[in-house]
1. Is it the case that the range 163-177 has a residue that's under 29 Å from T28 (Cβ atoms) and part of a helix (DSSP H, G or I)?
2. Do you know which residues across the range 74-129 are within 24 Å of A191 (Cβ to Cβ), open to solvent by 20 Å² or more (accessible area, probe 1.4 Å) and either of a type in the set (A, V, I, L, M, F, W, C) or in contact with a Cys (Cβ under 8 Å, 6 or more places away or on another chain) (or both)?
3. Just to verify a result, which residue in the range 136-155, among those that are aliphatic (A, V, I, L, M) and buried (at least 18 other Cβ atoms within 10 Å of the Cβ), is nearest to T58 (Cα to Cα)?
4. Name the single residue, out of those in the range 200-215 being of a type in the set (A, V, I, L, M, F, W, C) and modelled with pLDDT of 95 or more, that is farthest from L80 (Cα to Cα).
5. Can you name the number of the only condition in (1) under 24 Å from G230 (Cβ atoms); (2) open to solvent by 30 Å² or more (accessible area, probe 1.4 Å) that V43 fails?
6. Could you say which residue among E23, E54, E48, E32 is open to solvent by 50 Å² or more (accessible area, probe 1.4 Å) and at pLDDT 75 or above?
7. Restricted to the range 242-279, and to residues that are out of contact with any strand residue (DSSP E or B) (no Cβ under 7 Å at 6 or more places or on another chain) and at pLDDT 90 or above, which residue is least open to solvent (accessible area, probe 1.4 Å)?
8. Could you tell me whether L216 is open to solvent by less than 10 Å² (accessible area, probe 1.4 Å), at negative phi, of a type in the set (A, V, I, L, M) and part of a helix (DSSP H, G or I)?
Amino acid sequence: RRTLMLAVVLGLFGGIGLAFLIEYLDNTVKSEAEVEKRFGRTVLGSVEKISKKERIETYIVDKPLSPLAESYRLIRSGLLLSSPDQPPGTILVTSMAQNEGKTSTTVNVARVLAQDHKKVLIIDCDLRRPRMHTLFKLDNQTGLSSYLSGNIDTVAVEEIADEPLSVITSGPVPPNPSELLGSKRMRTLLAEMDETFDFVLLDSPPVQSVTDSLALASASSGTIVVVQYGTTTNDMLAGGMKKLNDVNAQVLGFVINGLKKGEAGSYYYGYSGYYKKYT
């Protein structure tokens, strides 16, 4: 009996110690406060993880009163207050690696901006793995790459049915995306679209994979960096932020995707409690 009790106690303390060791060695993004302290940039907002059966790209349209939709409205508020003189017009949305939610962030931020009676354009600048034409069910035989390579004189701006949004699709995948996105023709296009629309959102490839986003960052009013809770490492984020700083990118802040449900809720209701305290 004594041996059994000793084994139980040792197993219990061993398990607790192992849990603390794993937590200590985990270098992934785990909290807003940690990200803000380490990188000196604000977190515009956090988005909770949803079921794999649900599509986050259409979630706020399907459930506009959900806590998830409110999270994107908080991001919109942070974005509008991110610049001292006026809100940024051309906004690059990027991440450190694939599958961190940059495209869903682009779509949902564009939607909440458009709900504020603003003219919003999405340009699919991910010329390597484009998705916007699929999400909005648009033809992609010609698009941004066709225009930048000189194959067409005017790029088509597609208006989305039943939504106050417009989209420029990526076009066919070219052999030299970085050169096209860094070209004078691209800067001219961005200047023209900035005159026409209140907000132009650029969905771009991850910073750590290719240089496409760095070429766009220097031509944008600001950059949103999307990170994935429990996946993006601090080392990866530090390397990507250095690259953005090297090209003088104006980083507006971070968006943290995939927060655990309890943590996302406590953050949201924390703001609610703070508001009630002072009203």
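The values are calculated or read from the model by the stated rules, or taken from the named source; none is laboratory data. All values reported here derive from a predicted model rather than from experimental measurement. Because the Cβ atoms are built from the backbone with ideal geometry, glycine has one as well, and the counts that use them run over all protein chains shown. These accessible areas exclude ligands, DNA and RNA; they are computed on the full protein's heavy atoms, side chains included. Shrake-Rupley method; radii C 1.70, N 1.55, O 1.52, S 1.80 Å.
1. Scanning the range 163-177 turns up at least one residue that is under 29 Å from T28 (Cβ atoms) and part of a helix (DSSP H, G or I).
2. Within the range 74-129, L80 is the sole residue that qualifies.
3. So, considering only residues that are aliphatic (A, V, I, L, M) and buried (at least 18 other Cβ atoms within 10 Å of the Cβ), the one nearest to T58 (Cα to Cα) is L144.
4. Only one residue tops the list, namely L202.
5. With respect to (1) under 24 Å from G230 (Cβ atoms); (2) open to solvent by 30 Å² or more (accessible area, probe 1.4 Å), V43 is out only on (2).
6. Details: E23 fails: at pLDDT 75 or above; E48 fails: open to solvent by 50 Å² or more (accessible area, probe 1.4 Å); E32 fails: open to solvent by 50 Å² or more (accessible area, probe 1.4 Å).
Only one candidate qualifies: E54.
7. V247
8. In short, yes.
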